[in-house]
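Before anything else, here's the structure in question.
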Amino acid sequence: MPIRAITFHIVTCDVCGDEDADEVLPLFDTPEIAAHNARRCGWLLTADRRAICPDNDHQHRAALDQLMPPEPHIEIDGQLPFNPDPTT
């Protein structure tokens, strides 16, 4: 009986470890096809090869917040400084 190894690719969430599967675990021949399917299902795949599934809990929102750039700090000449605490 011949035995041979077959390699398949799946996308796994870097936050929770879930696979890109509902009821049936999809197996793909290449990482590119697996990534394309994950994107089609609402996953975020970053340039640094992180995968974040579309779950909407605190951990996933925190992971998405880490990807955002810092808030811009804009000052215009002659503008009065903004002080949210009027007691200071």
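Report, in degrees rounded to the nearest 10, the 0 to 90 angle that the Cα long axis of helix 31-40 makes with the longest principal axis of the chain.
60 degrees
Given a Förster distance of 41 angstrom, what is the FRET efficiency for ARG61 paired with ALA5, based on the Cβ-Cβ distance and rounded to 0.05?
Step by step, r from the Cβ atoms, then E = 0.55.
The stretch 29-88: which trypsin sites (Lys or Arg not before Pro) are DSSP loop and have at most 15 other beta-carbon atoms within 10 angstrom?
ARG49, ARG50
Provide the FRET efficiency to the nearest 0.05 for the HIS36-THR12 pair, computing r from the beta carbons and using R0 = 22 Å.
With a Förster radius of 22 Å, E is 0.90.
Which one, (1) 57; (2) 69; (3) 61, gives percent of Cα pairs over 15 Å apart as derived from the coordinates shown?
Of the listed options (1) 57; (2) 69; (3) 61, (2) comes from this structure.
Among ILE76, ILE33, ILE52, which one shows the highest mean-square fluctuation when the chain is modelled as a Gaussian network with alpha-carbon springs under 10 Å?
ILE76
Given 10 °C and 1.306 mPa s, how large is the Stokes-Einstein diffusion coefficient of the stretch 2-49 in µm²/s, with Rh as the Kirkwood radius over Cα pairs?
Rounded to a whole number, D works out at 136 µm²/s.
Still on this model: Using Cα atoms only, what is the angle between the long axis of helix 58-67 and the major principal axis of the chain, expressed in degrees (0 to 90) to the nearest 10?
70 degrees
Rounded to the nearest 0.05, what FRET efficiency do ASP48 and ASP77 give with R0 = 41 Å and r taken as the Cβ-Cβ distance? Could you check?
Computed FRET efficiency for ASP48 and ASP77: 0.60.
Helix-only mean residue ellipticity at 222 nm, the chain, DSSP H runs n ≥ 4 weighted -39,500 (n - 2.57), per residue, nearest 500. What is it?
Estimated from H runs of four or more residues: -6500 deg cm²/dmol.
Further, regarding this structure: Scan around LEU27 for amide H atoms under 5 Å from its own, H built in the peptide plane at 1.01 Å from N, and keep only partners 5 or more places away or cross-chain.
Distant-sequence amide H within range of LEU27: zero hits.
Now a separate question. Provide the per residue accessible area, probe 1.4 Å, for the chain, rounded to a whole number of square angstrom.
It amounts to 88 Å² per residue over the chain.
At a 1.4 Å probe, what is the % contribution of carbon and sulfur to the accessible area of the chain?
C and S atoms contribute 55 percent here.
The values are calculated or read from the model by the stated rules, or taken from the named source; none is laboratory data. Keep in mind that what you see is a predicted model, and the values were worked out from it rather than measured. Positions of Cβ are generated from backbone atoms using ideal geometry, with glycine treated the same way; all protein chains shown enter the neighbour counts. When the accessible area is computed, the model is the full protein with side chains, heavy atoms only, and any ligands, DNA or RNA have been set aside. Shrake-Rupley method; radii C 1.70, N 1.55, O 1.52, S 1.80 Å.
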